[in-house]
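Heads up: the structure comes next, in structure tokens.
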């Protein structure tokens, strides 16, 4: 069985999908994803960025023969890409390509954590059971390998999700009484003076796995820290943590209610 998984979306969307994607294991597994997330698809035989494949041209221009030959080389294509593009789905059907389309986001009121939602989607195709905890193995993971520093990541994809930056600075002052504090920014975050910036997400995961503690907003880097097993305190504002909270063995969610300001 040769299977292709097409998973667009932001860092957090990719990570909460990991258990579902791992359950879709096949004799050969390839993943096409958003460029930053390719580094996290280490369980696949091959991982590529969606733009590099030319998939985004399918249904827009005449599809390249190379792309069609590649897609026809798979026995199963599980796609969270194109679910909301009727023309794309119609073209795929007309070409006889073996696509299974799934909605990329849980519907409002689904009553499921996003990870469980994705697992339910693939149940009929999956080979394994899952405990629903996304994991990204890193060689330094484990309490014995942890160093005595805390990480603060103060950004997210939306200012509405951000705890005020001055609050993070107050928190850093308290933490610094007992341990060093490193500030962190992800590959899509604005600059922050003195912050650690690692654009390769697996290398960032490797660094986060060494931390004693992590604080961050509802964002992909917070999911990344949880997935490597680092103790995480996740700060949630308007987003429902019952659906989108990071999962991990040492995750605590705190909701803030004061209006967040653009930091």
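Since every read-out is calculated from the coordinates, none of them should be taken as a lab result. Quantities reported herein were computed from a predicted structural model and do not represent experimental measurements. Using ideal geometry, Cβ is built from the backbone for each residue, glycine included, and neighbour counts are taken over all protein chains shown.
Is the C-alpha gyration tensor of the range 83-153 telling us rounded, prolate or oblate? Criteria: a/c under 1.5 is rounded; beyond that, a/b larger than b/c is prolate, otherwise oblate.
Prolate is the answer for the range 83-153, as a/c is 1.5 or above and a/b outweighs b/c.
Can you give me the Cα centroid spacing of the range 189-206 and the range 39-84 in angstrom?
28
Can you compute the helix-only [θ] at 222 nm over the chain? Use -39500 (n - 2.57) per DSSP H run of at least 4 residues, normalise by all residues, nearest 500 deg cm²/dmol.
Result for the chain: -7500 deg cm²/dmol, rounded to the nearest 500.
Per 0.36 nm of contour for each residue apart, how much would the distance between residue 178 and residue 196 grow if the chain were fully extended, relative to their Cα-Cα spacing?
My answer for the length gained is 4.5 nm.
Counting alpha carbon pairs within less than 8 Å and at least 6 residues apart, what relative contact order, in whole percent, applies to the range 2-122?
28
Please order 11, 174 by the number of other Cβ within 10 Å, starting at the fewest.
Arranged by neighbour count, lowest to highest, 11, 174 become 174, 11.
Here are a few candidate values for P(r) over Cα pairs in 10 Å bins from 0, in percent: [x] 6, 21, 26, 23, 15, 7, 2, 0; [y] 7, 31, 36, 21, 5, 0; [z] 7, 29, 32, 21, 9, 2, 0. Which one was actually calculated from the structure I just gave you?
This structure yields the entry labelled [z].
Please arrange 230, 178, 53 by counting, for each residue, the other beta carbons lying within 10 Å of its beta carbon, fewest first.
Placing the least packed residue first, the sequence is 178, 53, 230.
Order by neighbour count: 65, 161, fewest other Cβ atoms within 10 Å first, most last.
65, 161
Over the range 143-255, what relative contact order in percent results from Cα pairs under 8 Å that are six or more residues apart?
Relative contact order here is 27 percent.
Quick check: from the Cα gyration tensor, does the range 143-255 come out rounded (a/c under 1.5), prolate or oblate?
Rounded, since a/c falls under 1.5.
Could the peptides 249-255, 33-39, 193-199 be put in order, highest first, of the mean number of other beta-carbon atoms found within 10 Å of their residues?
33-39, 249-255, 193-199
Just check the range 138-199 against the gyration tensor rule for me: Cα atoms, a ≥ b ≥ c as the square roots of the eigenvalues, rounded for a/c under 1.5, and otherwise prolate or oblate depending on whether a/b exceeds b/c.
Judged from the Cα gyration tensor, the range 138-199 comes out oblate (a/c at least 1.5, b/c at or above a/b).
Relative contact order, percent, of the chain when contacts are C-alpha pairs under 8 Å separated by at least 6 residues?
20
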